[in-house]
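Please read the structure below before turning to the comments.
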Amino acid sequence: MMFKFPKYTFIAFTAISCLTGLNAAHAQQHNMSKQYQKPDDQAVQQKLDQWQDLKFGLFMHWGTYSEWGVVESWSICPEDEGWTQRKGPHGATYDGYKKAYENLQTTFNPVKFDPDKWVKAAKFAGMKYMIFTTKHHDGFSMFDTKQTDYKITDSKTPFSKNPKANVTKEIFNSFRKENFMIGAYFSKPDWHSPEYWWPYFPPKDRNVNYDPEKYPEHWQKFKDFTYNQIEELMTGYGKVDILWLDGGWVRPKNTIDTAIDWQRGIKFNQDIDMPKIAGMARKNQPGLIVVDRTVSGQYENYTTPEQEVPATPLSNPWETCMTMGNSWSYVPGDHYKSTHDIVQLLVKVVSRGGNLLMNIGPGPDGDWADEAYDRLNGIGNWMKINGEGIYNSRSVAPYSAGDIYYTKNKDHNRIYAFVLTKQEKVDLPASLKIPLNDIKKVKKVTLLGSAQKVKWKDSADGIELSIPASFNQIGLKQAACFAIDY
């Protein structure tokens, strides 16, 4: 779902699309910094600081829905909105469509699944952490849960016979071996669970289809189911760093903000006891970052603006999650953002003090599109030269000035000024003014990727560089980065 942030403005970019099926016109809203609570746990604070140094992560939405190339989960949600349209040979009736959708379990067989191939490409691109959809709203578990047979390892699923059938474990292990932080995406709502969408009542929308306070024993079963699934992930899949919880309508009723459109549709108290879940998770995974999206408090350890970039830094840890293509899950022939646009997006996010979580949706065969590998290769070539201005950095005023975006090394008096260009090849002018705030004396200026010295002089609001013509001959692309020591 897409979150808008009403109290903040955003940097515009091209090809805005939808995460879990909601588009920009029907966006979820989320009040960020004003309600943020710093976690009390010192180990969590330390892990958050480490996470903020990483800056660039991989997101993956993957499930049986990739077989049809439709938006993940949302087509089985009985809401009359653009992202829930049921099309194709099974689209005439809701019940017929949902039955056919859930029957995808019996044909799902991603035989090209090779997480080592993914981690190699992601590592080259400079990604440092990953979040994988262990279960989306449709309830299909991409791990070997004992709570349901609606899972990739069940005998009804052809891929269950593959030695890599427990794909969550395989993915976590492959990325962990290369020192990635590991994140488990988990949907709090479960549209397959009879304890969430109770078959006694028809589902009406994305929410639970009965009143949990009227049927507390039924709701308790769902709470136990959810707790048990998360406990499985926290105990059977090695070290996990982030528990990324989606489906913000599953929340205590006293946290609903009626000023926000989508939250006005939550009629019932859907409290799943996050203190108990987080306590269990952190007992098994000390220092675990919990991201209970849009539910402000102790269990939303960082905020997650979706498909957008705040125009100014936020006062809390945050991460923009965004698609590399136009869709979160696999769609045949999807349009992928260019390397140029992704690099510049990364620079803009980091200049505001955030992390970029870039999503790639694996296909039904278990592999990414060729375009995804191409983009990661291009990003990696840029990061080899300019990565020192991205990692271990924090935002610094003036944040940006025209096409110049700034970061600061968190440990040293070094500012990085990224010069963004409209074309692929960097073409710097002979003279370049770089505005700077509150710097009394510049000691040295260098261009990342060049050993040649840069001459500068003080100007009214910063420094003015004299750019040698040779800088435009070294083949820089997407953005040039000047390191300014003071």
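Structure data summary
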item	result
DSSP-assigned coil residues among trypsin sites (Lys or Arg not before Pro) in segment 431-486, each with at most 11 further Cβ atoms within 10 Å	Lys440, Lys441, Lys443
Over segment 265-334: Kirkwood hydrodynamic radius from C-alpha pairwise inverse distances, Å	14.9 Å
Length-normalised contact order for segment 125-171 - Cα pairs under 8 Å, 6+ apart - percent	26 percent
Sequence of Ser459, Ser73 when ordered by accessible area, the most exposed leading, probe 1.4 angstrom	Ser459, Ser73
Distance from segment 160-238 to segment 340-386 (C-alpha centre basis), Å	28 Å
Charge-dipole axis of the chain as Lys and Arg at +1 and Asp and Glu at -1 on Cβ define it, positive-most pick from Met130, Trp382, Pro199	Trp382
Fraction of the pair-distance distribution of segment 214-339 above 22 Å, Cα-Cα pairs, percent	50 percent
Bridge type composition, the chain - antiparallel percent by DSSP, nearest 5	50 percent
Net charge of neighbours whose Cβ lies under 13 Å from the Cβ of Tyr406, counting Lys and Arg as +1 and Asp and Glu as -1	+3
Relative contact order, percent, the chain [alpha-carbon distance under 8 Å, six or more residues apart]	18 percent
C-alpha long axis of helix 370-386 to longest principal axis of the chain, angle in °	40 degrees
Dipole moment magnitude, nearest 20 debye, the chain about Cα centre, only Lys, Arg, Asp, Glu C-beta charged	1440 debye
Probe 1.4 Å - accessible area at Arg394, Å² to nearest ten	60 Å²
Bins of 20 Å from zero: percent of alpha-carbon pairs in the chain	24, 55, 19, 2
Relative contact order [Cα under 8 Å, 6+ residues apart], segment 267-365, whole percent	23 percent
Separation in nanometres of the label points that stand 7 Å from Cα toward Cβ, at Asp224 and Lys283	1.7 nm
Amide hydrogen neighbours beyond the local backbone of Tyr330, cut-off 5 Å, H modeled	none
Summed residue charge, Cβ within 15 Å of Glu102's Cβ, Lys/Arg positive, Asp/Glu negative	-1
Segment 135-206 shape via C-alpha gyration tensor axes, a/c threshold 1.5	oblate
Around Pro313: net Lys/Arg minus Asp/Glu count, Cβ-Cβ under 12 Å	+4
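The values are calculated or read from the model by the stated rules, or taken from the named source; none is laboratory data. Here the structure is a predicted model, which is why all the values come from computation and not from measurement. In this analysis, Cβ positions are derived from the backbone assuming ideal geometry, glycine residues included, and neighbour counts consider all displayed protein chains. Each accessible area value is taken on the protein alone, full model and side chains, heavy atoms only, with ligands, DNA and RNA left out. Shrake-Rupley method; radii C 1.70, N 1.55, O 1.52, S 1.80 Å.
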